[in-house]
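The values are calculated or read from the model by the stated rules, or taken from the named source; none is laboratory data. Note that the structure is a prediction, hence the values are computed from the model and not measured. Every residue, glycine among them, receives a Cβ derived from its backbone with ideal geometry; neighbour counts consider all protein chains shown. When the accessible area is computed, the model is the full protein with side chains, heavy atoms only, and any ligands, DNA or RNA have been set aside. Shrake-Rupley method; radii C 1.70, N 1.55, O 1.52, S 1.80 Å.
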Amino acid sequence: MANYTENELAKDLENQEYKFGFVTDIETDKAPVGLSEDIIRLISSKKNEPEWMLSFRLNAFEVWKKMTEPEWAHVHYKKPDFQEITYYAAPKQTKKYESWDDVDPEMKETMTKLGISLEEQQRLSGVAVDFVMDSVSVATSFKEKLKELGIIFCSFSDAVQEYPELVKKYMGTVIPTTDNFYASLNSAVFTDGSFCYIPKGIRCPMELSTYFRINAGGTGQFERTLVIADEGSYVSYLEGCTAPQRDENQLHAAVVELIALENAEIKYSTVQNWYPGNKQGKGGVFNFVTKRGICERRAKISWTQVETGSAVTWKYPSCILKGDYSVGEFYSVAVTNNYQQADTGTKMIHLGKHTKSTIISKGISAGKSQNSYRGLVQIHKNAQQSRNFSQCDSLLMSDQCGAHTFPYIECKNPSAKIEHEATTSKIGEDQLFYCMQRGISEEKAISLIVNGYCKEVLNQLPMEFAVEAQKLLAISLEGSVG
Amino acid sequence: MIKIENLHASIDGKEILKGLNLEVNAGEVHAIMGPNGAGKSTLASILAGREEYEITEGSILFEGKDLLELSTEDRAREGLFLAFQYPVEIPGVSNINFLRTSLNEIKEYRGENPLSAKDFMKMVREKSTIVELDSKLANRSVNVGFSGGEKKRNEIFQMAMLDPKLAILDETDSGLDIDALRIVANGVNKLKTPQNACIVITHYQRLLDYIVPDFVHVLFDGKIVKTGTKELALILEEKGYDWIKESAAV
Amino acid sequence: MYAVNTTQVNKLSQLLAPLDRSSLSLEKEKMQDLQDFLETANLPTTKDENWKYTRLTKLSNASFSGSQNANIPFTVYQDAYRIVFDNGKLVRKDAFNGCRSLTELTSHELTQLKPNKVIFDALNFVYAEDGIFLDVYGDLDKPIEILHLSNGNKVNNIRHYIRVHSLAKAEISLIFSADEESKSFSNIVSEIHLDNGAQLVINKLQVERGLDVNISREKVTQHRDSVFTMNTISLDGQFVRNDVEISVQGVNAESNLNGVYIVREQQFIDNHTIIDHQVPHCLSNELYKGVIFDKATAVFNGKVFVRKDAQKINAFQSNANILMSEDATVNAKPELEIYADDVKCSHGSTTGQLDEEAIFYLKSRGISDSGARNLLVSAFVGQVLEKIEHEDIQTFISKKLQERFGWEN
């Protein structure tokens, strides 16, 4: 990791504008614009879903209709018109690909531009990729190899067809359809996503990875991820996002549910660089995501996120520490520049005894952006001897931006110990001067210091992801010194 | 190598340097001594390019170039090195990564090829022995959790790595015990060549037992009021600065 | 500020029904405007972010009526200008320069009162009975002691106005005391202004033993070079909500907020503070410590704003809580909202219990278990209490703590 920041960074820094702003020209099969029961029935029938899946959707839709969009977050945006969105857009295709060679060359090219070509991934890194493009999974690799171990890693739609018992048992148990406005919406209209099941005692030998990306104009992205780690199993799951450049704001409302059964461990890493809008704050993705995991006895869930994208981010990957001795972790770097707004953090709900949580949040605000940390630590009455440590630091890069910290600490057990620390400061003048006295340019010095500041979080990422994250940090902050 | 003429500088409207003259040639070691508040550290900061100071008069030529026109990093790339009185901590950035970035930027400026990772590491091992720096420290964050002595040794280690033409040691001896002082001083002596030069800023004579200066200057009230050889330092040690103050007042 | 909730019975109108509108000659327009506001408003619920942890059911279910005379039970300072409000009525006011009661003011002078359109401030204004109107010039020779007593089940709307003029200096204690049988609702608003170079210390001492509801708000504006210190010590109170809002409008000002809350039984204490740095080069320090016994609940919500262009601000906030029982609850929300870059701001919050290792150590030296606990708790809050400068206040608090815990300070 340390060997990055060198010449590669300088080259990357030359890429001023959003690197992944291109549109793939594939004929898409789109549903009519707007949301109604009919549309939901259409989505469900397009996907050949069983009746129980349809009724799950319709229930969610009923709930959603009665809800109002939340306003408590420290973000300001024009609310999307939910009747102006296309809820289903699948790349037109009649059959599943027999092999990788059958995949549409143009789509392959898209992936190459994203720097995640499947061939490359397959050959070099041993990462199994479930590639979601406009909501439908088009290629899945390593499936067979994983199958030998009994690991299921497939698209959500396939799981509905092939593993209905697992899906029925766990879907909506961590994030009920009534949870919040966006989660309900997702439950009603989600088109695809990823599903993963690790059987008892199995340690998944490779990092599972999904790349999401919004493509067709005016389509919302509503994917749904369900990861189940059965007793004593382990999995590391990577999620990366890129979206092409578009002028109107696009909505992204995903739901991610993690279930870690007794003694299981899930490590979930995200690098998010949805299109943030241009320098004038026009366009960009609205990222309204609900992510939550539940830990049974002695289980552990670790969320790591590096967020550099989206015009508006509303995201709180959380842990319900239900089982005794369970552990929740949240490591986050959130960078905002230009007119980006982020309201992100976590919730650690301590229900079991001797539960432990750690929150490390590093916010970096530049340009005219607003960056908020919002976190809840809740110690319930029976959560004896529980521990929380939170560290929330904010770094300010310009005099036009804002950095905010909104921690909520609720404690109902006297044997719990909660520590929360937060600091907000400007990037250190002394540090910059010291670097520059050693011949390092200001831009490079900032990159060095920022990467150092985020190190605790970046260290949590798998190697390839960490390098990508460092690059993203540098690109996002480029020209932000003011 | 460096020629400072009639330098006047102030901070927040308060004049600190009031017409300082100093010339240092290659192969020379100059010591600058003086009481607290005389302007010793101000001089070091100005040479390195701290922006808080306003130069109201005078000039500084470094290897024939107008130093005051150069940015901080370009001064460093031209071969000016400041060993900080209070080395700065940079959490999360390893010493190695820091030095490699620094070294390669300097090389790039000079149109040289960057060092390979292997050659770089070899150099790190070689140079760290000069100041008896534990190689473990190289992987730690820059100055974070270093003892006072380790920080100062780290400064000299960086100096060894960057091989400057002119090194300015700003109170490098302050806060060091006698063993650490000897290590630091030996390090500086080993790096001395006929091509480079050194300005040692200090409050105490004892450092000069180890780093023997060619010239000793006394800085008082923003000016150099006395210049002599190393014997001058001994006189100062014996008589204190009051003697200088009195003679300066006359 | 609070949304109208039509599905809920309007508890506010029930609360207001028996009250008489203020007989002070307040501005008619302002009065009408706030009256209109109150008619459409409702009591805040936990859905309001500002009242997230604070249920006002005690208030909405209570019924309030007339008053009776309270005894003047104690004094705090040995020598002070004394002012006493008995169930909302001014019963004693020592004469000194610059001190008047609201009833003595002309309608023109009363225009200096500036109510905000938030529920309890508006309510206080519209139904204001009386209050102190104080202009401090120079260095006041004695501290001022304002005692608020209650023993009935009456609503007391008292509004104070305190202005410390340029380079003047004062110390004022606002004391709230209630009898065991008291079931009053005291809604107190203090508008406090510090002119250039002014220095003011406010000690707010809350020792309400009854079933009172106390909602009080201090709205402070600070101009350049002023120093404002407020010590909020809440040693009892069935339901206490303190709102301190400091608007720092002049450079080089210093604001210090210290707080100690020790609650027991089913008591509820809620401290909300806002320090709003609008200009550069200022310093604020905030330290609140709480000890929560029995089934009591404490809320701390501290907010620091640093507005755009308010550079070179140092703002520090710290909150620590000790839970002494299985049924005690604490909710803390230390917030920072920063819009300037050259600042140093930090906050910290801890919640836990007494260090068992320390208790063991003390016991091994022959101290009883409860003695050891008391010692540690008094050391815990002692770090805040020692910041209080006036000896008489120290003595008063020590005495109260001693009565309750047998603490030696």
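Within region C:348-387, count every residue that is hydroxyl-bearing (Ser, Thr, Tyr) and within 14 Å of chain A (Cβ to nearest Cβ).
Number of matching residues: 3.
From the list A:TYR373, A:TYR331, which one is open to solvent by 10 Å² or more (accessible area, probe 1.4 Å), within 19 Å of the chain's Cα centre (by Cα) and within 14 Å of chain C (Cβ to nearest Cβ)?
A:TYR373
Can you tell me which residues in region A:305-322 are surrounded by 24 or more Cβ atoms within 10 Å (Cβ to Cβ), outside any strand (DSSP E or B) and not hydroxyl-bearing (Ser, Thr, Tyr)?
Once the filter is applied, which keeps residues that are surrounded by 24 or more Cβ atoms within 10 Å (Cβ to Cβ), outside any strand (DSSP E or B) and not hydroxyl-bearing (Ser, Thr, Tyr), region A:305-322 yields A:GLY309, A:ALA311, A:PRO317.
If a residue must be more than 12 Å from the chain's Cα centre (by Cα), open to solvent by less than 10 Å² (accessible area, probe 1.4 Å) and of a type in the set (A, V, I, L, M, F, W, C), how many such residues does region C:191-219 contain?
The qualifying residues number 5.
Mind listing whichever residues of region A:73-85 are farther than 13 Å from A:PHE288 by Cβ and within 22 Å of the chain's Cα centre (by Cα)?
A:HIS74, A:HIS76
Can you tell me which residues in region B:87-97 are at the interface with chain A (Cβ under 7 Å from one of its Cβ atoms) and in contact with a helix residue (DSSP H, G or I) (Cβ under 7 Å, 6 or more places away or on another chain)?
Hits for region B:87-97 are B:VAL88, B:ILE90, B:PRO91, B:GLY92, B:VAL93, B:SER94, B:ILE96.
Please work out if C:ALA320 is among the aliphatic types (A, V, I, L, M), more than 9 Å from chain A (Cβ to nearest Cβ) and surrounded by fewer than 24 Cβ atoms within 10 Å (Cβ to Cβ).
The answer is yes for C:ALA320.
Determine which member of the set A:GLU62, A:GLU6, A:GLU51, A:GLU37 is modelled with pLDDT of 75 or more and either within 14 Å of chain B (Cβ to nearest Cβ) or under 17 Å from A:PHE222 (Cα atoms) (or both).
So the residue among A:GLU62, A:GLU6, A:GLU51, A:GLU37 that is modelled with pLDDT of 75 or more and either within 14 Å of chain B (Cβ to nearest Cβ) or under 17 Å from A:PHE222 (Cα atoms) (or both) is A:GLU37.
Would you please name the residue that is farthest from the chain's Cα centre (by Cα), looking only at residues in region C:236-267 that are among the charged types (D, E, K, R) and open to solvent by less than 20 Å² (accessible area, probe 1.4 Å)?
Among those residues, the one meeting the criterion is C:ASP236.
Just for region A:141-156: of the residues that are among the hydrophobic types (A, V, I, L, M, F, W, C) and modelled with pLDDT of 75 or more, which one is most open to solvent (accessible area, probe 1.4 Å)?
A:LEU149
Which condition does A:GLY293 not pass, out of (1) in contact with a Phe, Trp or Tyr (Cβ under 9 Å, 6 or more places away or on another chain); (2) in contact (Cβ under 8 Å) with a residue 60 or more places away in the chain; (3) open to solvent by 10 Å² or more (accessible area, probe 1.4 Å), if it passes all the others?
Failing condition for A:GLY293: (3).
Taking the criterion of being modelled with pLDDT under 95 and not hydrophobic (A, V, I, L, M, F, W, C), would at least one residue in region C:272-283 satisfy it?
yes
Yes or no: C:ASP327 within 14 Å of chain A (Cβ to nearest Cβ) and at pLDDT below 90?
Answer is no for this residue.
Go through the residues of region B:69-78 one by one and say whether even a single one is surrounded by fewer than 18 Cβ atoms within 10 Å (Cβ to Cβ), more than 9 Å from chain A (Cβ to nearest Cβ) and modelled with pLDDT of 90 or more.
Yes, region B:69-78 contains at least one residue that is surrounded by fewer than 18 Cβ atoms within 10 Å (Cβ to Cβ), more than 9 Å from chain A (Cβ to nearest Cβ) and modelled with pLDDT of 90 or more.
Can you tell me which condition C:THR297 does not meet? The list is (1) within 14 Å of chain A (Cβ to nearest Cβ); (2) open to solvent by 60 Å² or more (accessible area, probe 1.4 Å), and all the others hold.
Only one criterion in (1) within 14 Å of chain A (Cβ to nearest Cβ); (2) open to solvent by 60 Å² or more (accessible area, probe 1.4 Å) is unmet by C:THR297, namely (2).
Quick one: which strands (runs of 3 or more DSSP E) sit completely within region B:153-250 and have at least 1 residues that are at pLDDT 90 or above, among the hydroxyl-bearing types (Ser, Thr, Tyr) and in contact with a Gly (Cβ under 7 Å, 6 or more places away or on another chain)?
Where strands (runs of 3 or more DSSP E) fall fully within region B:153-250, none carries at least 1 residues being at pLDDT 90 or above, among the hydroxyl-bearing types (Ser, Thr, Tyr) and in contact with a Gly (Cβ under 7 Å, 6 or more places away or on another chain).
Filter region B:121-137 down to the residues that are open to solvent by less than 60 Å² (accessible area, probe 1.4 Å) and in a helix (DSSP H, G or I) and list them by number.
Across region B:121-137, the qualifying residues are B:MET123, B:VAL124, B:LYS127, B:SER128, B:ILE130, B:LEU137.
Picking from B:LYS107, B:LYS118, B:LYS65, which residue would you name as being open to solvent by 20 Å² or more (accessible area, probe 1.4 Å) and more than 23 Å from A:PHE433 (Cα to Cα)?
Testing whether each residue is open to solvent by 20 Å² or more (accessible area, probe 1.4 Å) and more than 23 Å from A:PHE433 (Cα to Cα) leaves just B:LYS118.
Away from chain C (no Cβ under 11 Å), among the aromatic types (Phe, Trp, Tyr), within 23 Å of A:ILE259 (Cα to Cα) and surrounded by fewer than 22 Cβ atoms within 10 Å (Cβ to Cβ): is that true of A:TYR325 in this structure?
yes
Yes or no, residue by residue, for (1) more than 14 Å from chain B (Cβ to nearest Cβ); (2) hydroxyl-bearing (Ser, Thr, Tyr); (3) under 25 Å from A:LYS279 (Cα atoms):
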| residue | (1), (2), (3) |
| --- | --- |
| A:MET397 | yes, no, yes |
| A:ILE409 | yes, no, no |
| A:PRO414 | yes, no, no |
| A:GLU419 | yes, no, no |
| A:CYS435 | no, no, no |
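Considering every residue within region C:388-401, establish whether at least one is facing chain A (nearest Cβ under 8 Å) and either more than 24 Å from C:ILE233 (Cα to Cα) or in contact (Cβ under 8 Å) with a residue 60 or more places away in the chain (or both).
No; the residues of region C:388-401 include none that is facing chain A (nearest Cβ under 8 Å) and either more than 24 Å from C:ILE233 (Cα to Cα) or in contact (Cβ under 8 Å) with a residue 60 or more places away in the chain (or both).
So which of A:LYS426, A:LYS347, A:LYS356, A:LYS368 ends up being basic (Lys, Arg), within 21 Å of A:VAL306 (Cβ to Cβ) and more than 14 Å from chain B (Cβ to nearest Cβ)?
Among A:LYS426, A:LYS347, A:LYS356, A:LYS368, only A:LYS347 is basic (Lys, Arg), within 21 Å of A:VAL306 (Cβ to Cβ) and more than 14 Å from chain B (Cβ to nearest Cβ).
Within region B:104-120, count every residue that is modelled with pLDDT under 90 and within 8 Å of chain A (Cβ to nearest Cβ).
Total meeting the criteria: 4.
For region A:159-176, give me each residue that is under 20 Å from A:LYS47 (Cα atoms) and surrounded by 20 or more Cβ atoms within 10 Å (Cβ to Cβ).
Across region A:159-176, the qualifying residues are A:ALA159, A:VAL160, A:VAL167, A:MET171, A:GLY172.
For the structure I just gave you, tell me whether A:SER441 is hydroxyl-bearing (Ser, Thr, Tyr) and more than 7 Å from chain B (Cβ to nearest Cβ).
So A:SER441 does not fit the description; no.
So C:LYS333 clears everything in (1) under 24 Å from the mean Cα position of the chain (by Cα); (2) more than 8 Å from chain A (Cβ to nearest Cβ) except one condition, right? Which one?
With respect to (1) under 24 Å from the mean Cα position of the chain (by Cα); (2) more than 8 Å from chain A (Cβ to nearest Cβ), C:LYS333 is out only on (2).
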